[in-house]
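Read the structure below first, then the notes.
The values are calculated or read from the model by the stated rules, or taken from the named source; none is laboratory data. Keep in mind the model is a prediction, meaning the values are calculated, not measured. Don't worry about glycine lacking a Cβ; one is built from the backbone with ideal geometry, like all the others, and counts go over all protein chains shown.
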Amino acid sequence: MVQHQPIRSGLGDREIPDKLYFRIGEVARLCEVPAYVLRFWETEFPQLKPNKGGTGQRLYRRRDVEMALRVKTLLYDEGYTIPGARQLLKTESRGKGPSLLPGIDEPADLQKLKRLRKEMLDLLALLQKPAGTKQTAAVHSIRSAKTRRNPAEESAQGLFSEQDPPSRDQP
């Protein structure tokens, strides 16, 4: 197995030459990977799409070379898997940066999460009230949202009556 040396910030001491197009061999030398690896990455990463000239030769533009270097950094230096690197590049290309919650991109999902967060904050505020305060309004609002009453609920109704509970200081 070939051990790849970590690349130092981009190309290290070397710069990407100021050219319009690069052939696959040049890009392979710049990225320090074999040409077949670049061809494989083209199949795995849709962002890496070099143009093909009239003779079928792959012609990489500067942004393709930069993308190949980014893929190499993700795979070899940062330890991403190919699917993980593909997902990261996809989210970066959308301009969102890395997503902490994959699959929660839909506005409806975001609205549900916001509503759930508000309900949880309301519940937290209710739970943080001191034991001596009246809690019946909150209990009634929760109860009104329910359509059926449960027998266990009726037996627990006395727990939330308007009477103040005995203080803890008394034996």
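Of all residues in the stretch 96-130, how many are exposed (fewer than 10 other Cβ atoms within 10 Å of the Cβ), modelled with pLDDT under 60 and out of contact with any Ser or Thr (no Cβ under 9 Å at 6 or more places or on another chain)?
3
Look at Lys49 and say whether it is in a loop (DSSP other than H, G, I, E, B), of a type in the set (Lys, Arg) and either at pLDDT 90 or above or on the phi < 0 side of the Ramachandran plot (or both).
Yes; evaluated as a whole, the condition is true for this residue.
Please verify whether the stretch 76-95 includes one or more residues that are within 22 Å of the chain's Cα centre (by Cα), at pLDDT below 90, farther than 26 Å from Tyr21 by Cβ and not hydroxyl-bearing (Ser, Thr, Tyr).
yes
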